[in-house]
Amino acid sequence: EPSLGGFGALFDLRAAGYADPLLVTPPDGVGPTLKLAIEPGIHDTVGIDLGGMCVIDLLAQGSEPLFFLDYYATGKLDVEAAAAVVAGIAEGCRQAGCALVGGETAEMPGMYSEGDYDMAGFCVGAVDRDKVLPRLADQRPGDLMIGLGSSGPHSNGYSLIRRIVARTGLAWDAPCPWAPGRTLARALLEPTRIYIKSVLPLLKAGRVKGLAHITGGGLIENPPRCLADGLAPRFDWAAWTPPPVFGWLAQEGGVAEAEMRRTFNCGLGLVLVVAPEDAGAVLSGLTAAGEEAVVVGEVASAHI
């Protein structure tokens, strides 16, 4: 158990049940999402996003999140806002099954405008050597791609989102056009869906050959990162229905389909690569765990 108030945290890796572990650590932030949180004063969701961005990246290596640290920097500390952010980080860690073991709060007058803050997260995960992803040598043309439904933009594309909202002239507290009963800001800040508990059992069972976390670069740039040379993703773009926020952004922003796919997740937070014979078990496992999961395409030879 880590002790609070010390200069560091200790973690017993052997007690976590690993035989031949490798450590994985992806640092991340939430970028321009923060401006959209700060302007309407909604601070309780971006911490969940921060946790989500870091811990889901661990899945791409096949690893399980173990512990998390955060860095929070501001000009003058607003205790209420900071507490809401850290509570969100703790909630993200709870959803991911990892420990929030510490963090750093920096007060830097002159570095940040009044009310502004920035934050970053650092998550450490572990994976047994024989379970590391992607398993490039095992991938074949004809492998299936399974997409997991996203809750919304997942803290990506928010510079463009803020420009589109400015273009519409809508206030942050205006009724949301696609989500009755919610304000525009609340709907746009829908927290990132954290897939750890539903996907980790599939990774430990060896049923996944590759996994893409759909972040900046969208569905165009991220899936190829989990595929072997000579292979390429072939999406069936009609296989799933994106959440209505994406249709609203495309229409109000005049954003072309190709640009939407390169900027946003368009409704898929994760894409898994699986053998055709494993697809049924993977889909049923994900559905039983509460995910919206569907075959969204297949792996093809890049030379066709």
Which cross-chain or sequence-distant (5 or more) residues have an amide H under 5 Å from the amide H of residue 194, H modelled 1.01 Å from N in plane? none
Which of the listed residues, 127, 92, 247, is farthest toward the dipole's positive end in the chain, when Lys, Arg count +1 and Asp, Glu count -1 at the beta-carbon? 247
For the chain, percent of DSSP beta bridges that are antiparallel (nearest 5) comes out at 80 percent
Expressed in nanometres to one decimal, the distance between label points 7 Å along Cα→Cβ at residue 251 and residue 132 is 4.8 nm
Mean Cβ-within-10 Å packing, highest first, puts peptides 127-133, 47-53, 69-75, 192-198 in the order 47-53, 192-198, 69-75, 127-133
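Please list 154, 43 from largest to smallest accessible area, probe radius 1.4 Å, with all protein chains kept in place.
Numbers: 154 0, 43 35 Å².
Ranking 154, 43 by accessible area, largest first, yields 43, 154.
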Quick one: order 94, 261 from most to least accessible surface, probe 1.4 Å. 94, 261
Using a 10 angstrom cutoff on alpha carbons, build the Gaussian network for the chain and name the most mobile of 263, 183, 45. 183
Looking at (1) 19.7, 58; (2) 18.1, 59; (3) 20.1, 76, which value of Rg and Dmax of the Cα atoms in Å comes from a calculation on the structure shown? (1)
Burial order of peptide ranges 211-223, 137-149, 78-90 (average beta-carbon count within 10 Å, highest first): 211-223, 137-149, 78-90
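Let me have the relative contact order for the chain, percent, based on Cα pairs under 8 Å that are six or more residues apart. Before the final figure, lay out each step's value.
Working: 631 pairs, mean separation 72.3, N = 304.
About 24 percent, as a whole number.
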Going by a 4.7 Å Cβ-Cβ cut-off, which cysteines of the chain have no partner at all? 93, 98, 176, 226, 266
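Ordering 122, 264 by how much accessible area each has at a 1.4 Å probe, largest first, what is the list? Please report the intermediate quantities before stating the final value.
Details: 122 90, 264 0 Å².
Largest to smallest exposure gives the sequence 122, 264.
With r defined as the distance between the Cβ atoms of residue 302 and residue 159 and R0 fixed at 25 Å, what FRET efficiency is calculated, to the nearest 0.05? Present the calculation step by step, with values, prior to reporting the outcome.
Values: r = 31 Å, r/R0 = 1.23.
Efficiency computed from Cβ-Cβ geometry: 0.20.
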Would you work out the relative contact order for segment 159-304, in percent, from Cα pairs under 8 angstrom that are 6 or more residues apart? 31 percent
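Quick one: how many lysine pairs does the chain have with C-alpha atoms less than 24 Å apart and a gap of 8 or more or different chains? Give me the count, please. Don't skip to the answer; put the middle values down first.
Values: 35/76; 131/197; 131/204; 131/209; 197/209.
Close lysine pairs found across the chain: 5.
The values are calculated or read from the model by the stated rules, or taken from the named source; none is laboratory data. Bear in mind that the values here come from a model prediction, so they are computed numbers and not experimental data. Neighbour counts are summed over all protein chains in view; Cβ atoms, including those assigned to glycine, are modelled from backbone coordinates with ideal geometry. The accessibility values were calculated without ligands, DNA or RNA, using every heavy atom of the protein model including side chains. Shrake-Rupley method; radii C 1.70, N 1.55, O 1.52, S 1.80 Å.
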